[in-house]
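Asker: One structure follows; several queries about it will come next.
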Amino acid sequence: MFAPKITLIGAGSTVFAKNLIGDILSYPELAQARFSLFDIDAKRLAESEIIARRINQALGTSAVIEATTDRARALDGADFAINMIQVGGYKPGTTTDFALPKSAGLEQTIADTLGIGGIMRGLRTIPVLLDMAHDMERLCPDVWHLNYVNPMAMNCMGLARGSKIKTVGLCHSVRHTAEELSRDIGVPVEDIDYQVAGVNHVAFYLKFRHRDGTDLYPLIRQVIDEDRIPNTNRVRYDVFKRFGYFVTESSEHFAEYVPWYIKSHRPDLIQKFNIPLDEYPRRCESQIVDWATMSADLKDTSKPLEVRRSPEYGSEIIHSIVTGTPRVIYGNMPNNGSITNLPADACVEVPCLVDRQGVQPTVVGDIPLQLACLMQTQINVQKLTVEAVLTGRRDHVLHAALLDPHTAAELDTQQIAELVERLLDAHGAFIPQSLRAA
């Protein structure tokens, strides 16, 4: 058994790095893994290194751990690269993506996947990921790139178009939603089998069954009939009522992907569906306040460090590829026939077999027409954003915004054009030179 080199890109995301490292080292076969922690923030990187070493000690493993601000050094010879960066950060990136649209009358909740915020994050992020992928082509051409960075579908589509590196996009929404539904219907999650397919954050449970084969969708309908819909999940249950299948992403996320729930002239909808506008900025501000205490606790050797498995797929993929242990995970990869009634060049989220051969998407076939049509509205925006980055066609940024369902439902063409110009100007050097104002 070889000891893989695992590079964490954006390792200054300390809590996420802690979870992933703990997950990986929980497998005896990976106990001697070599970790290279990379970040551009030396202070946060140093904190993550301390915590990584504490995990190694707490688990009694013999991993090799290094931390570096030199990306080439971190990637050189890597077998796996786990990406968790945020280009532009909370400030100024996310705050700009919320403030300017809000000033134009466009409200958002998360703004990292679709919508005008998702488009701008994609413009900031795809070029950086491609630059990293080109480094990988030179320094570790056989690497498996595990991408956790949003906007997931846009990023993975851009990487598939612009690099030769094997990439799979990973998101925990499928598992998290299964756990939520298991609580709603009173069936242990370990007794539930499901099949999910779609595009990231707009994927649906095509099958949701007890492991004995019993269809569990009637129990989900019963939650509606008995008026037991959780207050935080009203949007998704409404989508289920209208489309017949349950979506994997949270109500707060999904509300901003479609034109039906967030309307400036309908405050009653915000109340009815309990939509937390500006939730992501509030969460970030709270995390910033909490981080000082959390960081001190994590580094304090007098306090026990709790290491427990997270629901992330990353460690499972690494373990399966290294050991040959077969698993099925949900990954975001180029379609190429997995979902036969979506475009071949779309990035889709489907069941993937993982073993020594790597991550292999399975064929789902046609999905229900109403779901495919809903997903196509998302794919339109994703493809135009990626095309804008790869070709430098600035007009495609506007086209993406014009076709975004929520943006188009709130603003007219002139308002959208003006907002796009303001956002491109505000993001400045974070946006590719070809897309900046002349």
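The values are calculated or read from the model by the stated rules, or taken from the named source; none is laboratory data. This is a predicted model, so every value here is computed, not measured. Neighbour counts are summed over all protein chains in view; Cβ atoms, including those assigned to glycine, are modelled from backbone coordinates with ideal geometry. In case anyone asks, the SASA skips ligands and DNA or RNA and just uses the protein heavy atoms, side chains included. Shrake-Rupley method; radii C 1.70, N 1.55, O 1.52, S 1.80 Å.
Asker: Pick from segment 275-291 the residues that are without any contact (Cβ under 8 Å) to a residue 60 or more places away in the chain and of a type in the set (A, V, I, L, M, F, W, C): which of them is most open to solvent (accessible area, probe 1.4 Å)?
Answerer: 289
Asker: Using the structure shown, decide if residue 349 is touching a residue at least 60 places away in the same chain (Cβ under 8 Å) and out of contact with any strand residue (DSSP E or B) (no Cβ under 7 Å at 6 or more places or on another chain).
Answerer: No.
Residue-wise test of (1) within 21 Å of residue 415 (Cα to Cα); (2) surrounded by 16 or more Cβ atoms within 10 Å (Cβ to Cβ); (3) not basic (Lys, Arg).
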| position | (1), (2), (3) |
| --- | --- |
| 55 | no, yes, yes |
| 60 | no, no, yes |
| 68 | no, yes, yes |
| 75 | no, yes, yes |
| 78 | no, yes, yes |
| 96 | yes, yes, yes |
| 99 | yes, no, yes |
| 107 | yes, yes, yes |
| 120 | yes, yes, yes |
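Asker: Okay, moving on. Condition check: in a helix (DSSP H, G or I), out of contact with any strand residue (DSSP E or B) (no Cβ under 6 Å at 6 or more places or on another chain) and surrounded by fewer than 18 Cβ atoms within 10 Å (Cβ to Cβ). Does residue 415 satisfy that?
Answerer: yes
Asker: Further question on the same structure: Give the number of residues within segment 293-328 that are among the β-branched types (Val, Ile, Thr) and free of Cβ contacts under 8 Å to residues at least 40 places away in the same chain.
Answerer: Within segment 293-328, residues that are among the β-branched types (Val, Ile, Thr) and free of Cβ contacts under 8 Å to residues at least 40 places away in the same chain number 3.
Asker: Quick one: which helices (runs of 4 or more DSSP H) lie wholly within segment 1-119 and hold at least 1 residues that are touching a strand residue (DSSP E or B) at 6+ places or on another chain (Cβ under 6 Å)?
Answerer: Correct list: 14-25, 42-59, 71-75.
Asker: May I ask you to list the residues in segment 6-22 that are among the polar types (S, T, N, Q) and either under 12 Å from residue 308 (Cα atoms) or at pLDDT below 95 (or both)?
Answerer: 13, 14, 19, listed by residue number.
Asker: Additional query: Counting only residues that are under 24 Å from residue 203 (Cβ atoms) and either assigned to a loop (DSSP other than H, G, I, E, B) or open to solvent by 90 Å² or more (accessible area, probe 1.4 Å) (or both), how many does segment 248-274 have?
Answerer: Count: 13.
Let's see how each residue does on (1) open to solvent by 50 Å² or more (accessible area, probe 1.4 Å); (2) in a loop (DSSP other than H, G, I, E, B):
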{"site": "218", "(1), (2)": "yes, no"}
{"site": "228", "(1), (2)": "yes, yes"}
{"site": "295", "(1), (2)": "no, no"}
{"site": "301", "(1), (2)": "yes, yes"}
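Asker: I would also like to ask the following. Just the residues that are in a strand (DSSP E or B) and in contact with a helix residue (DSSP H, G or I) (Cβ under 6 Å, 6 or more places away or on another chain), please, taken from segment 338-357.
Answerer: Across segment 338-357, the qualifying residues are 347, 354, 355.
Asker: Now for a different question. Filter segment 78-104 for residues that are in contact (Cβ under 8 Å) with a residue 24 or more places away in the chain and of a type in the set (Gly, Ala, Ser) and give the result.
Answerer: Of everything in segment 78-104, those that are in contact (Cβ under 8 Å) with a residue 24 or more places away in the chain and of a type in the set (Gly, Ala, Ser) turn out to be 78, 81, 88, 93, 104.
Asker: Also, I was wondering about something else. Tell me yes or no: at least one residue of segment 363-370 is in a strand (DSSP E or B) and open to solvent by 10 Å² or more (accessible area, probe 1.4 Å).
Answerer: yes
Asker: Let me ask something additional. So for segment 193-212 (the condition being in a helix (DSSP H, G or I) and either under 20 Å from residue 328 (Cβ atoms) or not hydrophobic (A, V, I, L, M, F, W, C) (or both)), does at least one residue qualify?
Answerer: Checking segment 193-212: not a single residue is in a helix (DSSP H, G or I) and either under 20 Å from residue 328 (Cβ atoms) or not hydrophobic (A, V, I, L, M, F, W, C) (or both).
Asker: Right, something else. Within segment 193-206, can you find the residues that are over 11 Å from residue 350 (Cβ atoms) and open to solvent by less than 10 Å² (accessible area, probe 1.4 Å)?
Answerer: Of everything in segment 193-206, those that are over 11 Å from residue 350 (Cβ atoms) and open to solvent by less than 10 Å² (accessible area, probe 1.4 Å) turn out to be 201, 202, 204, 205.
Asker: Looking at 321, 270, 275, 317 in this structure, which one is touching an Asp or Glu at 6+ places or on another chain (Cβ under 9 Å) and closer than 26 Å to residue 84 by Cα?
Answerer: Selected residue: 321, the only one of 321, 270, 275, 317 that is touching an Asp or Glu at 6+ places or on another chain (Cβ under 9 Å) and closer than 26 Å to residue 84 by Cα.
Asker: With respect to residue 23, determine if the residue is buried (at least 22 other Cβ atoms within 10 Å of the Cβ) and either in contact with a Phe, Trp or Tyr (Cβ under 7 Å, 6 or more places away or on another chain) or under 23 Å from residue 356 (Cβ atoms) (or both).
Answerer: Yes; evaluated as a whole, the condition is true for this residue.
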